[in-house]
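The values are calculated or read from the model by the stated rules, or taken from the named source; none is laboratory data. A quick note: this is a predicted structure, and the numbers were derived from the prediction, not measured. FYI the Cβ positions are ideal-geometry reconstructions off the backbone, even for glycines, and counts take in every protein chain you see.
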Amino acid sequence: MLEAATSFQRHFGAVPTQMARAPGRVELLGNHTDYNQGLVMALAVDKYVFMAGAPRSDDKVELVSTAFPRPARFRLDAIKKDETAPWANYLKGLLLQLRERGLALRGFNATIHSTIPLGAGLSSSAALLVATALLVRKLFPYSLAPDGHASAMPRLETGEIPALGAAERMAFAKMCQAAENRFVGVNCGLLDHISSLFGQANQVILIDCQNLGVEWTPLAADLAVVVCHSGVRHALVGGEYNDRRANCEAAAATLDAPALRAVALDALAAGRAKLTPHQHKCALHVVGEIDRVQRGATMLRGGDLAGFGRLLFESHASSRENFHNSCPELDILVDLARQQPACLGARLTGGGFGGATLNLVRRGAAEDFRTRIAEGYQQATGRALESWICQVVNGAA
Ligand code: ADP
Ligand code: MG
């Protein structure tokens, strides 16, 4: 938080009046299931987008990010994409959402400082959107109705604003997703935004993307969550992600299902001849993942951690063989993890095509695990490995 405030003071020569932060997330199990109305397990982790801001007296917005050299400046009545600061599109998209939903916007200055690596699969983009939505809410209090309508809201007598309830948190997640879908142009699902908003310390978030139900179940205290960043940067804006999504949707339509959530593994096998090979493999991955999340939830609740870990390895194999969203570096990381007895399971996490792996490791052995994987990765690829032991934390505030 401190860096965002310091950066604000340095850049704007004043003290910020409001701060917000939103955590990144790790997808524990349930790959590419969210936009298929499926099931997914996620963790909010102790890597954050921090923002500091203060209102302005005019209708301009000035944004500074410690991750990018140039600030972004624009007028609220002339929001458009600017190729010299594409990162600002996330914030612009969010402001446009607020306006479309009925809120009169006002000018402000803000700085962003993030400890979430960009493009590593920990969803820095969703955290940026969630932090923006909360910072604007603190600067100019508003509430979101369940239908998404935004209206200005008075502060409490203490000057505070009311805490967000669960229903309103979900409306925030949808608004952030809409900004990413419609303005930035990434057809992402709701997983990232929900995770950043609904995280709870030491709990796994179970999300049903069909009815948007959220539940929590404890993560065994004996387990450490280790994230290993391949250093291969994924490029979600565009290409592969949208291709996989289109193929999943086409497969569901051909099978007369509203979404792949409604297709069981045996129905998929029976309908295989109607699908192109690529559609079939995409669907097989997603339907398999939904099944694994279902079985995994039972295992976690019953304390079968070894069984749960095996599902993570199976998930990765399906990414590699069916969905083709792995890459050689991620495969190497998972193979190295499998050789460590303290590792219960490992898989790529997030969109794929680069980014990071998630590893569940016996807590006492986590540091040693990091060292060994780094050595093996260096030998196999010549790349230095960045890895983190992540704490599972509360959602955005
Ligand atoms: P991921 O969400 O997996 O980290 P994405 O490609 O979806 O990867 O989002 C990364 C993009 O989000 C960056 O290219 C940038 O535009 C924006 N972003 C992330 N972190 C910051 C930051 N600290 N400052 C400004 N923009 C950021
Ligand atoms: Mg993203």
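Quick notes on this structure:
- The residue of the range 231-267 that is modelled with the lowest pLDDT, among those that are within 16 Å of ligand 2 (Cβ to nearest atom) and not in a helix (DSSP H, G or I), is V237.
- The set of residues in the range 286-309 being over 22 Å from D266 (Cα atoms) and in a helix (DSSP H, G or I) consists of M299, L300, R301, G302, L305, A306, G307, F308, G309.
- Test for P69: is it of a type outside the set (F, W, Y), surrounded by fewer than 16 Cβ atoms within 10 Å (Cβ to Cβ) and within 16 Å of F8 (Cβ to Cβ): no
- Residue in the range 133-152 that is of a type outside the set (A, V, I, L, M), surrounded by 11 or more Cβ atoms within 10 Å (Cβ to Cβ) and within 16 Å of ligand 2 (Cβ to nearest atom) present: no
- Selection from the range 190-213 of residues that are β-branched (V, I, T) and in the same structural domain as S124 (by TED's automatic domain parsing): I194
- The number of residues in the range 188-224 being away from ligand 1 (no atom under 16 Å from the Cβ) and hydroxyl-bearing (S, T, Y) comes to 1.
- Filter result for the condition that a residue is under 30 Å from F172 (Cα atoms) and either more than 23 Å from the chain's Cα centre (by Cα) or outside any helix (DSSP H, G or I) (or both), over G351, G345: G351
- Subset of the range 345-362 [closer than 18 Å to M299 by Cβ and not aliphatic (A, V, I, L, M)]: G345, R347, N359, R362
- Residue list for the range 211-228, restricted to those being surrounded by 14 or more Cβ atoms within 10 Å (Cβ to Cβ) and either at pLDDT below 95 or outside any strand (DSSP E or B) (or both): L212, L219, A220
- Residues (closer than 30 Å to G355 by Cα and crowded, with 21+ Cβ neighbours inside 10 Å) located in the range 95-118: L95, Q97, A110, T111, I112, H113, S114, I116
- Qualifying residues in the range 78-94 (those that are surrounded by 12 or more Cβ atoms within 10 Å (Cβ to Cβ) and either at pLDDT below 95 or not in a helix (DSSP H, G or I) (or both)) - the one farthest from ligand 1 (Cβ to nearest atom): I79
- From the list I373, I389, the lone residue that is more than 16 Å from ligand 1 (Cβ to nearest atom), touching a strand residue (DSSP E or B) at 6+ places or on another chain (Cβ under 8 Å) and part of a strand (DSSP E or B) is I389.
- Number of positions in the range 313-328 that are closer than 15 Å to Y377 by Cα and more than 16 Å from ligand 1 (Cβ to nearest atom): 1
- The residues listed here are G185, G107, G148; of these, the one that is in the same structural domain as T66 (by TED's automatic domain parsing), at pLDDT below 95 and not hydroxyl-bearing (S, T, Y) is G185.
- Taken together, G38, G13 contain a single residue that is buried (at least 16 other Cβ atoms within 10 Å of the Cβ) and modelled with pLDDT of 95 or more, which is G38.
- Total residues in the range 346-397, condition at positive phi and among the small types (G, A, S): 5
- Yes/no for L129 being in the same structural domain as R70 (by TED's automatic domain parsing), within 15 Å of ligand 1 (Cβ to nearest atom), modelled with pLDDT under 95 and not β-branched (V, I, T): no
- Taking the range 31-77 as the range and being in a loop (DSSP other than H, G, I, E, B) and either away from ligand 1 (no atom under 16 Å from the Cβ) or touching a Cys at 6+ places or on another chain (Cβ under 9 Å) (or both) as the test, the residues that pass are H32, T33, Q37, G38, R56, S57, D58, D59.
- Check on A283, surrounded by fewer than 24 Cβ atoms within 10 Å (Cβ to Cβ) and either out of contact with any Gly (no Cβ under 8 Å at 6 or more places or on another chain) or in a loop (DSSP other than H, G, I, E, B) (or both): no
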